[in-house]
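Taking it in order: structure first as structure tokens, then the write-up.
The values are calculated or read from the model by the stated rules, or taken from the named source; none is laboratory data. All figures in this text were calculated on a predicted structure; none of them were measured in a lab. Note that we place each Cβ from the backbone using ideal geometry, even for glycine, and neighbour counts take in every protein chain shown.
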Amino acid sequence: MTYAEFLNEHGARLIDGSIITVQQTILAALLAIAIALVMGLMRLSSNYVVRSSATVYIEIFRGTSLLVQLYWIFFVLPLFGITLEKFTAGFIAVGMNLGAYGAEVVRGAIQSVPKGQYEAALALNMSPFSRMRRIIFPQALILMLPPWGNLFIELLKATALVSLISVTDLMFQAKQINGTTYLSIEAFGSALVIYYIMSRLVITPGMRWLERALSRHMSRA
Amino acid sequence: MNEYPTRLNDDAPMVRFSKVSKRYGELTVLDELDLDVSANEMVSIIGPSGSGKTTVLRLLMTLEDVSDGVIYVEGEPLTHMERDGQLVPANQAYLRRQRSKIGMCFQHFNLFPHMTALENCMEGPIQVLRLSKQEARERSLDLLDMVGLSDKRDQHPIRLSGGQQQRVAIARALAMRPKVMLLDEVTSALDPEVIGEVLNVIRKLNAEHNLTVLMVTHQMGFAKEISDRVCFVYNGKIAEAGPPSQIFDAPQNPRTKQFLSAVLQAN
């Protein structure tokens, strides 16, 4: 069987799986960004309770395995009366996990904005909220884009784990094809290439473009 | 806090430091410093590095908390408020009302890099004073004109020289119409050839605006020329204060003499 014949027969399943992978990636990324912003800002709060609850969240989700978290959300939460559909459970687990890493990126970027910027905004008598929204965050945003690029690639690859709770993503389809045909090289080779294309040819250039567009907008430098 | 009045009499100075101390752990930067500054007075603060002169300004801008003592602005405590006849730490609303009387320019300008010169000036009036965009723009354009930078209004800070950036920073602070202006070594980070343009703006400021100015500076010639009063700070206290003629030509305190002769030698 040539590779063309393989694609002819199984290509549709790989495409279906890729679509699910893209959906999982986008939804998980959106969730990760939201969690990262909230937790990252909470980590910088002057209130001890707020600060430590963010620390606890980050420690738990960074410090334990994503696969275990996924199983918890899908298999254990129902025992406490929270049942999630597998697709939902999949991107929530990935998003919550990567969001914990993102929170540290957000915190780090905000703390990297020179202190003089904060002082200048305070000297203008700006409110804490305005200082963050108008002065600090826009500058932090540019600093945090490169590490976010890394995280999105991590996130894309992490979505492969959702196949283990039977979400029919790219990895799931590759395993199915392998299971019925034993064409391991073709099945997993195709998955490998598709993941690589998504990260190297979509996410990386996308983030580069965003960085350039943003720095042009911010400083026209 | 009982020994401090909750507010001063009507003839109170614009700014009063009353036994103000600032400590960082074991290190005492300001040691029960007393200082009165009258309205429209131009006061220069000089002294060796590490003497605490910048801390005086930073406390007044509320960038740092006082460890002890009370600062009064227009007779009202700066970072304390009255409750049941006692001074207690001020809440945010009170702090912001008091802070609105004070403006500051920094050694390293601290312009917002993501905004043009004009946007830097408009930011405070729009966000804080709630001026309309039109009003904020007119006010900012007037001030940029005053500092001689009308033609640079649409440039980002990265495109401006140090002297130009500092002049924008002065315009930005003035746009908030402060009563007290703090200038923290505003020429120290500048190349020698552009110091003059910034000093010219400060001369104008002094002549044309009703402003109380506190200036930390290493420009002794300028301090002598422009100040109503010069304070020599040493070891967290004001060791000697007086009109420039006294401080520069007939200093009484041996520390002042020593400092000035060292500075003179360096020049």
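When region B:61-77 is filtered for residues that are in contact with a Phe, Trp or Tyr (Cβ under 8 Å, 6 or more places away or on another chain), aliphatic (A, V, I, L, M) and either assigned to a loop (DSSP other than H, G, I, E, B) or in contact (Cβ under 8 Å) with a residue 60 or more places away in the chain (or both), only B:V70 remains. Based on what the data block shows, is A:L67 more than 14 Å from chain B (Cβ to nearest Cβ), in contact with a helix residue (DSSP H, G or I) (Cβ under 7 Å, 6 or more places away or on another chain) and modelled with pLDDT of 95 or more? So A:L67 passes the test. Residue pairs whose Cβ atoms lie under 6 Å apart, sitting 6 or more positions apart in sequence or on different chains, and linking a residue in region B:16-31 that is more than 19 Å from B:L78 (Cα to Cα) to a partner that is crowded, with 19+ Cβ neighbours inside 10 Å and of a type in the set (K, R), are B:V29/B:K22. If you go through region A:130-151 and keep only what is of a type outside the set (A, V, I, L, M, F, W, C) and at the interface with chain B (Cβ under 10 Å from one of its Cβ atoms), you end up with A:S130, A:R131, A:R133, A:R134, A:P138, A:Q139. Consider region B:76-102 and keep the residues that are within 17 Å of the chain's Cα centre (by Cα) and among the aliphatic types (A, V, I, L, M). The one that is surrounded by the most Cβ atoms within 10 Å (Cβ to Cβ) is B:L78. Being of a type in the set (A, V, I, L, M) and over 26 Å from A:L124 (Cα atoms) holds for only one residue in B:M220, B:M176, and it is B:M220. If you go through region B:209-245 and pick out every residue that is farther than 22 Å from B:R58 by Cα and either among the small types (G, A, S) or without any contact (Cβ under 8 Å) to a residue 12 or more places away in the chain (or both), you end up with 3. It is to be established whether one or more residues within region B:61-71 are closer than 23 Å to B:E185 by Cβ, among the charged types (D, E, K, R) and within 14 Å of another protein chain (Cβ to nearest Cβ). Checked region B:61-71: at least one residue is closer than 23 Å to B:E185 by Cβ, among the charged types (D, E, K, R) and within 14 Å of another protein chain (Cβ to nearest Cβ).
Can you say whether A:R200 is touching a Leu at 6+ places or on another chain (Cβ under 8 Å), charged (D, E, K, R) and in a helix (DSSP H, G or I), as far as the supplied structure shows? Criteria not met by A:R200.
All of (1) in contact with an Asp or Glu (Cβ under 8 Å, 6 or more places away or on another chain); (2) touching a residue at least 60 places away in the same chain (Cβ under 8 Å) hold for A:R134 with one exception: (2). Report yes if some residue within region B:4-19 is of a type in the set (D, E, K, R), in a helix (DSSP H, G or I) and surrounded by 14 or more Cβ atoms within 10 Å (Cβ to Cβ); otherwise report no. No, region B:4-19 has no match at all. Scanning region B:228-256 for residues that are farther than 14 Å from B:G47 by Cβ and assigned to a loop (DSSP other than H, G, I, E, B) yields B:D228, B:P243, B:A250, B:Q252. Of all residues in region B:103-125 being within 20 Å of B:L57 (Cβ to Cβ) and small (G, A, S), which is farthest from the other protein chains (Cβ to nearest Cβ)? Restricting to residues being within 20 Å of B:L57 (Cβ to Cβ) and small (G, A, S), the top hit is B:G103. None of A:A93, A:A109, A:A100, A:A123 is of a type outside the set (V, I, T) and without any contact (Cβ under 8 Å) to a residue 12 or more places away in the chain except A:A123. When each of B:E41, B:E26, B:E64 is tested for being over 23 Å from B:E240 (Cβ atoms) and within 18 Å of the chain's Cα centre (by Cα), the lone residue that passes is B:E64. When region A:82-139 is filtered for residues that are within 21 Å of A:G40 (Cα to Cα), within 18 Å of the chain's Cα centre (by Cα) and of a type in the set (A, V, I, L, M, F, W, C), the ones remaining, listed by number, are A:F91, A:I92, A:A93, A:V94, A:M96, A:L98, A:A100, A:A103, A:V105, A:V106, A:A109. For region A:121-129, the count of residues that are modelled with pLDDT of 95 or more, assigned to a helix (DSSP H, G or I) and away from chain B (no Cβ under 14 Å) is zero. Which one is surrounded by the most Cβ atoms within 10 Å (Cβ to Cβ) among residues in region B:126-144 that are closer than 22 Å to A:F129 by Cα and more than 9 Å from every other protein chain (Cβ to nearest Cβ)? That would be B:A136. It is to be established whether one or more residues within region B:93-102 are touching a residue at least 60 places away in the same chain (Cβ under 8 Å), of a type in the set (V, I, T) and within 12 Å of chain A (Cβ to nearest Cβ). Scanning region B:93-102 turns up at least one residue that is touching a residue at least 60 places away in the same chain (Cβ under 8 Å), of a type in the set (V, I, T) and within 12 Å of chain A (Cβ to nearest Cβ). Kindly check whether there is at least one residue in region B:185-195 that is within 12 Å of chain A (Cβ to nearest Cβ), of a type in the set (G, A, S), over 20 Å from B:V37 (Cβ atoms) and surrounded by 23 or more Cβ atoms within 10 Å (Cβ to Cβ). Checking region B:185-195: not a single residue is within 12 Å of chain A (Cβ to nearest Cβ), of a type in the set (G, A, S), over 20 Å from B:V37 (Cβ atoms) and surrounded by 23 or more Cβ atoms within 10 Å (Cβ to Cβ).
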